[in-house]
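Laboratory data are not the source of any read-out in this text; all were calculated from the coordinates shown. What you see is a predicted model, and the numbers here were worked out from it, not measured in a lab. Counting neighbours? That spans all protein chains shown, and the Cβs are built from the backbone with ideal geometry, glycine included.
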Amino acid sequence: MRVGIACARFNEVITKLLLDGALETLARCGVRDSDITVAWVPGSFELPVVAHAFAKSGRCDAVICLGAVIRGETSHYDMVAGQAQGGAGAVSMDTGVPTIFGVLTTENLEQALNRAGGKSGNIGTNAALAAVETASVLAAIN
Ligand SMILES: O=c1[nH]c(NC[C@H](O)[C@H](O)[C@H](O)CO)c([N+](=O)[O-])c(=O)[nH]1
């Protein structure tokens, strides 16, 4: 299975933890390092365009978008989060390549840390599992 991961650098203290969780989970699922490509983008707003490139490349069976949008620190929270969510969904439907939304949208940094390997788990891990399962389902159908 080949996986493309688009990771936002904004709030990198969080997104690096999400990426670590995703990579560890993909390895546990048997995905080879050589079949994983990670691309860093400035922020979550840029995730969809890189996800689309991964999906259209023909070299990814699944794409994972990782980011952290924190309301307490931005006046355009809804726009950034909306673009990331809507964009990831559009890539999935436009290309047929499962594009997983692993973007945290939280009120504050503490909530984000709790969901990046803290007491609420790691959204990066969840996203990796969703990518592997959905790609497997599609492979069985197609
Ligand atoms: O990923 C994020 N990008 C953010 N902004 C940058 C945005 O994603 C774009 O990179 C930027 O608007 C340039 O297009 C955030 N805030 O503004 O706070 C944020 O919380 N998270």
If you check every pair at least six apart or on different chains, which have Cβ atoms under 8 Å apart with a residue in segment 61-80 that is under 15 Å from Thr106 (Cβ atoms) first and a residue that is more than 10 Å from the ligand (Cβ to nearest atom) and in a loop (DSSP other than H, G, I, E, B) second?
-> Ile70/Glu107; Ile70/Asn108; Arg71/Glu107; Arg71/Asn108; Gly72/Glu107; Gly72/Asn108
When restricted to Glu12, Glu46, the only residue touching a residue at least 24 places away in the same chain (Cβ under 8 Å) and out of contact with any Leu (no Cβ under 6 Å at 6 or more places or on another chain) is Glu46
Hey, among Arg71, Arg32, Arg28, which residue is basic (Lys, Arg), touching a strand residue (DSSP E or B) at 6+ places or on another chain (Cβ under 9 Å) and farther than 15 Å from Ala6 by Cα?
-> Arg71
Within segment 1-30, which residues are among the polar types (S, T, N, Q) and more than 14 Å from the ligand (Cβ to nearest atom)?
-> Thr25
Just for segment 31-46: of the residues that are within 14 Å of the ligand (Cβ to nearest atom) and part of a loop (DSSP other than H, G, I, E, B), which one is surrounded by the most Cβ atoms within 10 Å (Cβ to Cβ)?
-> Gly43
